[in-house]
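What follows is a set of notes on a single structure, which appears directly below.
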Amino acid sequence: MPTRDGVALGLLVASILWLVPRPSQGGGGACELSLRHSDVLYNYSLASPTDKFPHGVLSEDGFYKVTVNETSLWFQVGFIRTDQNSPQKGVVVKTSSIGPKVNCSLSVSVFCDSNEAQVSDTFNITGNCDYAVVLRHPSGCAKVIYVNGKGWGWFGTLMMIILCLLVGYVLVGTIYRFFFLGIQGIEAIPNLEFWLSLPYRASAFFDLENGNQELKSDLKDLYISSATQMDVAGNRKAVVIHVPYRLRKAFRKIHVRLVRELEKKFSGKDVVLIATRRILRPPKKGSAVVRPRSRTLTAVHDAILEDAVYPAEIVGKRIRYRLDGSKIIKIFLDPKERNNTEYKLETFTGVYRKLCGKDVVFEYPVTESA
């Protein structure tokens, strides 16, 4: 005869064997079931026992065997019923034994209880040989697999991750600037001016397109990749606008007018337009891959230099090597565009140093008077 503990555990396991409904003579099946209700998929399984309430089930010839304290109990699962409106509450499993003379059944109601396992001491008689009992066990709790059509979704999750990273950057930067750099007050927030001016900067092109009739038609098909504010020499600040490489010629056609209007919008900040370019690594030795000349570091840095000083052209270049091994590059610009570029020479130097890490000095060649 099975012990009381063995019978109780056997009833418990039988009650949470979520199988597709079948006759009592049916064969074996998996110890789990998935139930969908209101676009939510619930899963009940014995395949992953908990550390707090371990158990195990073996399937042999359609019967399920539970062994506890050297006592074995065999049973079959016949009919399974649950509340479709409240699948989180639990399940009702009916086990039956059909014989030539006596037909008996036992209905086990399993209620979800994540804290403890509890079995009733008595059975309720519901018929001649029909009994009912109530159990409480963590395995009666459903696991939500997914929610269809609800929740954040992948895009909402991505936006939440980006927002958390942004908040973390501001928080860590503020702590570092306050405690280690000694910056007090609201100035401890990193890039404060950038964040405050971001909405204004994003609307600058929109205002130009709608407010300036001369640029409206030219800006119709143009857009920018990004905009960054940089601190250059002294208290001067520059706004570096990165434009797509394929649109660089279209931007150069309206460069002078566009820069003039943007500098008015940005209240005195110097504006520099740079085409976005990508540097490729040198190919490995023996590789058949050919790197284009325009994708080398030298070519990209030279192209950035040409974009920064536009509309002026570079008419000469000299490299001066110092005794400590460092070098400084001296760039000579076309004097024809002196009126449009002379006030921004310090800005060109600071922007190029920030982007490429090289020291550059800009000058205009001395021309002999006739």
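The values are calculated or read from the model by the stated rules, or taken from the named source; none is laboratory data. Keep in mind that what you see is a predicted model, and the values were worked out from it rather than measured. Methodologically, a virtual Cβ is constructed for each residue, glycine included, from the backbone with ideal geometry; neighbour enumeration extends over all protein chains shown.
With the requirement that a residue be at pLDDT 70 or above and either part of a strand (DSSP E or B) or of a type outside the set (Gly, Ala, Ser) (or both), what does segment 116-132 give you?
Hits for segment 116-132 are 124, 125, 126, 128, 129, 130, 131, 132.
Only residues that are surrounded by 11 or more Cβ atoms within 10 Å (Cβ to Cβ) and in contact with a strand residue (DSSP E or B) (Cβ under 9 Å, 6 or more places away or on another chain): list them for segment 321-337, please.
Matches in segment 321-337: 327, 328, 329, 330, 331, 332, 333, 334, 335.
Residue by residue through segment 277-299, note down the ones that are of a type in the set (A, V, I, L, M, F, W, C) and modelled with pLDDT under 85.
Of everything in segment 277-299, those that are of a type in the set (A, V, I, L, M, F, W, C) and modelled with pLDDT under 85 turn out to be 279, 280, 288, 289, 290.
Starting from residues that are surrounded by 15 or more Cβ atoms within 10 Å (Cβ to Cβ) and of a type in the set (Gly, Ala, Ser), keep the ones in segment 300-320 and report whichever is farthest from residue 352 (Cα to Cα).
Among those residues, the one meeting the criterion is 312.
Consider residue 343 carefully, then state whether it is crowded, with 16+ Cβ neighbours inside 10 Å, among the aromatic types (Phe, Trp, Tyr) and under 17 Å from residue 255 (Cα atoms).
no
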